[in-house]
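Q: Quick one: this structure, given as structure tokens, is what I'll be asking you about.
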Amino acid sequence: MKVREKMKRETSREYALSVLKDNIINLDLKPGTLVSENTMALELGISRTPVREALSELANIGIVEVFPQRGSRISLIDYDMIDETYFMRNLLECGVVKEVCRVINEANIAELEENLRLQNQYCMNNNPEGLFEADNDFHKMLFQIAKKLKCYDVVRSFSIHFDRLRLLKVSASVGANKIVEDHRAILEAVKERDGDKAVTLMRQHLKQYEQERQELLNKFPEYFK
């Protein structure tokens, strides 16, 4: 598990939750991994109580399974949860990209172009973590341009299941180039102010995980429910 320093204003529970989420999303704590409150508390330099609270909170969203008296396990990747996340993202992000087509300006376009340049660089240099972050930033920028950042916070809070799949994809070089190509096509539609085209492209982009499902199941059968 990768451990960062605790920030000054961060409570122990917030610290434990943040570190756990980062390690789960980044697959440093792989699906199916058994975890111990005692071990985590020692690694983080905090008491067991905030670790227990963080594990309980993650259990509420189905990302951790808690077994009383026996410890906890990082949940396997569940396509039912991913399908539900897609349903929410499809509704929100298609609406956002249509709004972006209406309000975008040249400064916004330049920022998105720079983001795409970074995505392409990370892809060419086989840097999955960099591509993952730039991918997140691209979608966040669309919400920001549409002035819908509260909606973005909702998407992020519910996307941990989807995020594990996304990072697994780019780490295994499954569809990494397609991510950048999709974003380029979406940006071109936005630059043309073609809302219907942008919505169609966004929907296809978000649903790409369906086409890659079998390949990932074949490569990492132990990670999936």
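The values are calculated or read from the model by the stated rules, or taken from the named source; none is laboratory data. This is a predicted model, so every value here is computed, not measured. Don't worry about glycine lacking a Cβ; one is built from the backbone with ideal geometry, like all the others, and counts go over all protein chains shown. For the accessible areas, the whole protein counts, side chains as well, though only heavy atoms, and no ligand, DNA or RNA atoms are used. Shrake-Rupley method; radii C 1.70, N 1.55, O 1.52, S 1.80 Å.
Q: Between L76 and R117, what length in nm is gained on full extension when 0.36 nm per residue of separation is reduced by their alpha carbon distance?
A: 11.4 nm
Q: Hey, can you find the accessible area per residue of the chain for me, probe 1.4 Å, expressed in square angstrom?
A: 52 Å²
Q: Would you work out what percent of the accessible area of the chain, with all protein chains in place, is carbon or sulfur (probe 1.4 Å)?
A: Of the solvent-accessible surface of the chain, carbon and sulfur hold 50 percent.
Q: Additional query: Quick one: if the Förster radius is 30 Å, what FRET efficiency do T49 and E133 give, using the C-beta to C-beta distance and rounding to 0.05?
A: Efficiency for this residue pair is about 0.40.
Q: Could you check the simple spin-label distance between K8 and K140, using points 7 Å along Cα→Cβ, in nm with one decimal?
A: Simple spin-label model gives 2.2 nm for this pair.
Q: Between the stretch 194-218 and the stretch 1-80, what is the separation of their alpha carbon centroids in Å?
A: After rounding, the separation between the Cα centres reads 30 Å.
Q: Taking K147 as the anchor, which lysines have their alpha carbon closer than 20 Å to its alpha carbon, excluding any fewer than eight residues away along the same chain?
A: K98, K191
Q: Next question, about the same structure. Tell me, what is the FRET efficiency for S157 and E106 to the nearest 0.05, using R0 = 41 angstrom and their Cβ-Cβ distance as r?
A: That gives a FRET efficiency of 0.80.
Q: May I pose another question? With all protein chains present, calculate the accessible area of T33 using a 1.4 Å probe and round the result to the nearest 10 Å².
A: Roll a 1.4 Å probe over it and T33 shows about 40 Å².
Q: Further question on the same structure: Over 20 Å between C-alpha atoms is what I'm after, so list which of K30/K140; K6/K140; K30/K169 land there.
A: Those over the limit are K30/K140; K6/K140.
Q: Between T200 and M1, 0.36 nm times their residue separation minus their Cα-Cα distance comes to what?
A: My answer for the length gained is 67.7 nm.
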